[in-house]
1. Once both labels are modelled 7 Å past Cα along the beta-carbon direction, what's the I137-T4 spacing in nm?
2. Within the range 2-40, whose backbone N sits under 20 Å from a point 7 Å along Cα→Cβ of H116?
3. What are the ³J(HN,Hα) values, in whole Hz, obtained from phi via the Karplus relation 6.51 cos²θ - 1.76 cosθ + 1.60 with θ = phi - 60°, for each residue of the range 84-90 in sequence order, with x given for Gly and Pro?
4. Mind giving me the nanometre distance, one decimal, between the label points for T24 and T68, set 7 Å out from Cα along Cα→Cβ?
5. Give me the compactness ratio for the range 5-75, meaning the Cα radius of gyration over 2.2 N^0.38 Å.
6. For the chain, count all C-alpha to C-alpha pairs, find those more than 28 Å apart, and express that count as a whole percent of the total.
7. Taking the Cα centroid of the range 18-32 and of the range 62-114, what is the distance between the two, rounded to the nearest whole Å?
8. If you take the C-alpha gyration tensor of the range 21-113, multiply each eigenvalue by 5 and take the square root, what semi-axes do you get, largest first, in whole Å?
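Quick note: the coordinates plus some simple rules give every number you see, no bench work behind them. Bear in mind the structure is a predicted one, so any value in this text is a computation, not a measurement. Using ideal geometry, Cβ is built from the backbone for each residue, glycine included, and neighbour counts are taken over all protein chains shown.
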Amino acid sequence: MNETEFLTPEGFKKLEEELEHLKTKRRAEVAQRLHEAMEEGETEENPEYEDAKNEQAFVEGRILTIETILGNAKLIEAKGPANEIRLGSKITITEVGTTEKEHYVLVGSAEADPQHGRISNESPMGKALLGHKLHDIITVQTPGGAMKVKIVHINNK
């Protein structure tokens, strides 16, 4: 997992804040839960102890993941020609034959959140859009089949 992670400045800050929260608050909360569960005596058949150990493993794993992402991060900003899609671009497309607009921000995989319009440059849609220009019509291979979309707006500011 030592690959470059492309992050927007906002995504980098969000991960830094999550890391700080995990290290300063969640770790202490989980440690307290473990301590209280251990005080109850037998730990082998104590579901609270097992749950707290699992949560501890999750928190520590997430801390390591975020530290790795931040350590390998390359900040992206969409500054550049206004008519070409790159990482950080805000894009509006329409499926050919419709007028319904879809809005996306092209981000690295670490901050992708398709339900909120943040698509990864590694996703089928992201790969298809990357490098294209305003008014291009492209074919995107999706799990549901091929679809043609037109790029109707690009914001690289």
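1. 3.4 nm
2. Answer for this model: 5-23, 26.
3. 10, 7, 9, 4, x, 5, 9
4. 2.6 nm
5. 1.39
6. So the portion of pairs separated by more than 28 Å is 41 percent.
7. Computed from Cα coordinates, the inter-centre distance equals 29 Å.
8. Gyration-tensor ellipsoid for the range 21-113: 46, 17, 9 Å.
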